[in-house]
Amino acid sequence: MKFFFDNNLSPDLARGLQELRQSFGETIVHLRDKYDDASVADATWLSDLADDGGWSVISGDRFKKNTAERNAVRSPKLNVFIMAKGFVKKRSWDRTKIMVAQWEDIAKTASATQGGVYEVRTRGKIIPYQP
């Protein structure tokens, strides 16, 4: 499984999870590690990942900026996991604890589905999300 962390989440969090989860056959990449230009438009990298196939996106973004972005999030080739409101405003260590606690469920959902958008609640639930 391949996971892609959006620019609104920490590259250190993505790299730390990569170290923890690589033995499970997971690849976890941050936007800044895949693209030279960190300001690449969301619709662009979402489309690139959908074309490549097999990616799940982890983001704190609600993907409501424009139609192209909303359409790209709904790609049947991507799973998109949106962290609950307020997640990106939490302290770094609190975000890390939440992500580690939720990771098994994120990975399980990603392996069981294709083409869904989900909200990852901070206290244990992953629910369908409509951007």
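In order along the stretch 98-105, the Karplus-derived 3J(HN,Hα) couplings, from 6.51 cos²θ - 1.76 cosθ + 1.60 at θ = phi - 60°, round to 5, 5, 5, 5, 8, 4, 4, 5 Hz, and Gly and Pro are given as x.
Dipole size of the chain about its Cα centre, with +1 on Lys/Arg Cβ and -1 on Asp/Glu Cβ: approximately 720 debye, rounded to the nearest 20.
In the chain, helical runs assigned H by DSSP with n ≥ 4 each contribute -39500 (n - 2.57); averaged across all residues and rounded to the nearest 500, the mean residue ellipticity at 222 nm is -12500 deg cm²/dmol. Among SER47, SER39, SER92, the residue with the largest mean-square fluctuation in a Gaussian network model of the chain, with springs joining Cα atoms closer than 10 Å, is SER39. Dipole of the stretch 49-93 computed with +1 at Lys/Arg Cβ and -1 at Asp/Glu Cβ about the Cα centre; of ALA50, ALA72, SER92, farthest Cα towards the positive end is SER92. As a rough footprinting exposure proxy, the listed residues SER59, SER23 were ranked by other beta carbons within 10 Å of their own, and the order from fewest upward is SER23, SER59. Of the residues ASP42, ASP52, the one with the fewest other Cβ atoms within 10 Å heads the list, and the complete ranking is ASP52, ASP42. Could you go through the stretch 25-33 in sequence order and give the Karplus-derived ³J(HN,Hα) for each residue, using 6.51 cos²θ - 1.76 cosθ + 1.60 with θ = phi - 60°, rounded to whole Hz, and x for Gly and Pro? Going residue by residue, I get x, 9, 10, 10, 10, 9, 3, 5, 8 Hz, with x marking Gly and Pro.
Placing pseudo-labels 7 Å out from each Cα toward the beta carbon at GLN130 and ALA101 gives an inter-label distance of 2.9 nm.
Match the structure shown to one of the listed values (1) -1.24, -1.73; (2) -1.17, -1.39; (3) -1.02, -1.22 of log10 I(q)/I(0) by the Debye sum over Cα atoms at q = 0.20, 0.23 Å⁻¹, computed from it, and give that label. The calculated read-out lines up with (1).
The label point for SER111 and the one for ASP12, both projected 7 Å from the Cα toward the Cβ, are 3.0 nm apart.
Any read-out appearing in this document is the output of simple, stated calculations on the displayed coordinates, not a laboratory observation. Computed from a prediction, not measured in an experiment: that's the story for all the values here. Cβ atoms come from the backbone with ideal geometry, glycine included; neighbour counts cover every protein chain shown.
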